[in-house]
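Asker: Let me give you the structure first, and then I'll get to my questions.
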Amino acid sequence: MTKEEELILTRAREKFMREGFHRTTMDEIASELRMSKKTIYKYFPSKEKLVNAAVTLLQKYIANNVTKIIESDDNAVLKIYKIFEFIGKIMEKVNEKTLEDFRRRLPEVWQRIDDFRTKLIQENLTTVVNQGKEEDLILPYPTSIIMAIYVAGIRAVINPEFLMNSSFSLTEVKNIALDMMMCAVLTDKGKEIFNKYKQGN
């Protein structure tokens with residue numbers, strides 16, 4: 001990938017996350033980058049191609065950072081906390097209406113996003129949950145049931161229809177969901193560690 005192509009994708013990703021697919025135009029992206037639309041079209045023949053490439057770039061960025069957290073020497077509680085905080089910082093840049101825009105106008109892109117987050121949760125948190133059990137930080141419930149509840153819960157609340165009809169922001173939803181999911185599976189020792197991290201200690 002050339003530096004020019006990466007620059008286009010980075011700016012496009014920011015625009016799509018903030019304003020959605022419909023409201024973002026190639027003219028605006030070109031203007032903000034101070035380049036011609038012809039240059040953008042050289043790499044991305046359509047806005048649909050551009051948004052798909054931007055989503056792919058974002059997914060790689062998320063996957064790489066989550067992998068670093070998973071492979072660290074941190075305990076399981078801190079790993080889960082860091083993953084949610086990392087995802088939360090990305091979510092802060094997303095307008096709630098953007099998710100609905102993608103779901104309605106680009107269902108295939110929304111399906112990619114949904115499949116990615118489901119796979120991300122299942123593959124990575126399964127490892128961390130098992131680690132937490134060994135550390136006596138997570139209760140010995142069947143991992144498959146814990147993961148099924150986690151996936152279903154996240155898909156239910158980080159959902160355009162829910163968010164559009166809710167008074168909560170994406171960040172508030174993330175924080176409440178994390179509290180509920182952690183308190184349901186942590187041992188007393190795990191809860192003590194989790195509360196310290198929440199308080200910034």
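Laboratory data are not the source of any read-out in this text; all were calculated from the coordinates shown. Source: prediction; values computed, not measured. Methodologically, a virtual Cβ is constructed for each residue, glycine included, from the backbone with ideal geometry; neighbour enumeration extends over all protein chains shown.
Asker: Report the residue count in region 62-96 for those that are touching a residue at least 24 places away in the same chain (Cβ under 8 Å), out of contact with any helix residue (DSSP H, G or I) (no Cβ under 6 Å at 6 or more places or on another chain) and over 21 Å from Lys119 (Cα atoms).
Answerer: The number of residues fulfilling the criteria is 1.
Asker: Suppose we keep only residues that are crowded, with 18+ Cβ neighbours inside 10 Å and assigned to a helix (DSSP H, G or I) within region 12-25. Which one would you say is nearest to the chain's Cα centre (by Cα)?
Answerer: Going through region 12-25, the residues crowded, with 18+ Cβ neighbours inside 10 Å turn out to be 12-13, 15-17, 20-21, 24.
With the extra rule that they be assigned to a helix (DSSP H, G or I), the set shrinks to 12-13, 15-17, 20-21.
Working: Ala12: 17, Arg13: 13, Lys15: 16, Phe16: 15, Met17: 12, Gly20: 16, Phe21: 18 Å.
Looking at residues that are crowded, with 18+ Cβ neighbours inside 10 Å and assigned to a helix (DSSP H, G or I), I get Met17.
Asker: Something else now. Please go through region 1-45 and give me each residue that is farther than 17 Å from Lys97 by Cβ, among the small types (Gly, Ala, Ser) and in contact (Cβ under 8 Å) with a residue 40 or more places away in the chain, ordered by number.
Answerer: Selection gives Ala12 alone.
Asker: Give Gln111, Gln122 a once-over and let me know the one that is touching a residue at least 24 places away in the same chain (Cβ under 8 Å), surrounded by fewer than 17 Cβ atoms within 10 Å (Cβ to Cβ) and not aliphatic (A, V, I, L, M).
Answerer: Within the list Gln111, Gln122, the selection yields Gln122.
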